[in-house]
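The values are calculated or read from the model by the stated rules, or taken from the named source; none is laboratory data. Model, not experiment: these values are computed from the prediction. Here Cβ is always computed from backbone atoms with ideal geometry, including for glycine, and neighbour counts include all displayed protein chains.
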Amino acid sequence: MRSKFVDKTIDYTGQQLRSHYIYETFGLEGDAVISFIGACRVKEHMVDLSDKLKKEFIKSDKMLHFIIEHFDGDLEKAVVRKRLMVGIILDEIRRNTVEIHRNALYRKENGIYSGNKKLSVAVATASPVSTLVHIGLNISSKNTPVKTIGLKDFGIEPKKLALNVIELYCKEIDSIRQSRCKVTGVK
């Protein structure tokens, strides 16, 4: 599992959620996860069909983004990986916030919330050669189409969070792969 935090601003449009984007853009071949900071404007390249049919779109002035690519075709596994990543992110945010905020945070399906305010967006999809995940965390809660909360509200530094989350995700995936090798089949 390869990983990288990208230090330049990249505005996420949904166009980046495609096979080989990570390899073509950052040289990370194979299964990989990247993170970067930038605005989010997803309308034309919306892959969440329920949002698309409702004519909803994703917009945020500043987000911390994660894109994950695994070279397998199992969309259900991609959804599970997305939820694993959301769980890792939630654990890290809780670990780095004061108790009053820690207790208000919760995960509901693919999202992280504080009360009725949404901190994250997440989607998993498949391409002809891989499965892909995008997770975005609001840094600022300004100019969003729904009630949101941002990492800024929790006093969390986005790059530090991203580096920790990427490392934990890679370790988790490597550990899962290793676990497959330590068991025998049953009859």
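Identification of strands (runs of 3 or more DSSP E) wholly contained in segment 78-174 with 2 or more residues that are over 17 Å from residue 62 (Cβ atoms), among the small types (Gly, Ala, Ser) and under 16 Å from the mean Cα position of the chain (by Cα) yields 120-126. Just checking, does segment 28-45 include any residue being surrounded by fewer than 17 Cβ atoms within 10 Å (Cβ to Cβ) and at pLDDT 90 or above? Yes, some residue in segment 28-45 is surrounded by fewer than 17 Cβ atoms within 10 Å (Cβ to Cβ) and at pLDDT 90 or above. The residues of segment 135-151 include none that are free of Cβ contacts under 8 Å to residues at least 40 places away in the same chain and closer than 19 Å to residue 7 by Cβ. Within segment 165-179, residues that are without any contact (Cβ under 8 Å) to a residue 12 or more places away in the chain and surrounded by fewer than 16 Cβ atoms within 10 Å (Cβ to Cβ) reach no partner that is part of a helix (DSSP H, G or I) and not aliphatic (A, V, I, L, M) with beta carbons closer than 8 Å at six or more positions or on different chains.
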